[in-house]
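**Student:** Once you've had a glance at the structure underneath, I'll fire off some questions.
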Amino acid sequence: MKIKSDAMDQFEQYCQFKSEKEFKQHVEKILRDYQKVWTKGDRVALLMLARCSYRIPGVSNPSIDSLLEFIKEHNDVRPISRSTFKRMVGKANALGVLNVYQTEKENGYQLSNRYIFNNRTTFGGNQHEQAVNP
């Protein structure tokens, strides 16, 4: 699904969390509940995407290149590849944890994706985990 690019202050309409604390707890729950699904690289990618989502909890739109550069700059985590990030996004999307929307300019050119974390107490359980890791 494509959506028009808008200012960062308009991202709040996509926010599903009441606070940064609630969002952080939610990400920890995702990692814990689906620990068998995530590789080390997936966990790094998900956590770094979550870090980019703190200004408006659960909503961000970094370009993949910017996110990978952000990960490289943090010495506390190992760098990941573009394909690892895309694989994590695919898994998170299949689990219902994350929605990804392409954004575009007025002239139709594609911009970076918008990543929206879903706030659900359960994402469908085991059948989603089996779909990701058959």
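The values are calculated or read from the model by the stated rules, or taken from the named source; none is laboratory data. Everything numeric here is computed off the predicted structure, so don't read it as measured data. Positions of Cβ are backbone-derived with ideal geometry, glycine not excepted, and every protein chain shown enters the neighbour counts.
**Student:** Please enumerate the residues belonging to segment 83-120 that are over 21 Å from residue 27 (Cα atoms) and either at pLDDT 85 or above or within 11 Å of the chain's Cα centre (by Cα) (or both).
**Tutor:** Here is the first cut: in segment 83-120, the ones over 21 Å from residue 27 (Cα atoms) are 83, 102-112.
Selection gives 83 alone.
**Student:** Still on this model: From the list 13, 25, which residue is of a type outside the set (Phe, Trp, Tyr), at pLDDT below 80 and assigned to a helix (DSSP H, G or I)?
**Tutor:** On the way: 25 fails: at pLDDT below 80.
The match here is 13.
**Student:** Determine whether segment 43-56 contains at least one residue that is hydroxyl-bearing (Ser, Thr, Tyr), crowded, with 18+ Cβ neighbours inside 10 Å, part of a loop (DSSP other than H, G, I, E, B) and out of contact with any strand residue (DSSP E or B) (no Cβ under 8 Å at 6 or more places or on another chain).
**Tutor:** Scanning segment 43-56, I find no residue that is hydroxyl-bearing (Ser, Thr, Tyr), crowded, with 18+ Cβ neighbours inside 10 Å, part of a loop (DSSP other than H, G, I, E, B) and out of contact with any strand residue (DSSP E or B) (no Cβ under 8 Å at 6 or more places or on another chain), so the answer is no.
**Student:** Name the residue that is modelled with the lowest pLDDT, counting only residues in segment 28-42 that are surrounded by fewer than 13 Cβ atoms within 10 Å (Cβ to Cβ) and not in a helix (DSSP H, G or I).
**Tutor:** Among them, the one singled out is 35.
**Student:** Quick one: in segment 83-113, of everything that is of a type in the set (S, T, N, Q) and closer than 13 Å to residue 61 by Cβ, which residue is surrounded by the fewest Cβ atoms within 10 Å (Cβ to Cβ)?
**Tutor:** Initial filter on segment 83-113 (of a type in the set (S, T, N, Q)): 83-84, 93, 99, 102-103, 107, 110, 112-113.
Still in the list and also closer than 13 Å to residue 61 by Cβ: 99, 102-103, 110, 112-113.
Values: 99: 16, 102: 13, 103: 16, 110: 11, 112: 16, 113: 18.
This residue is 110.
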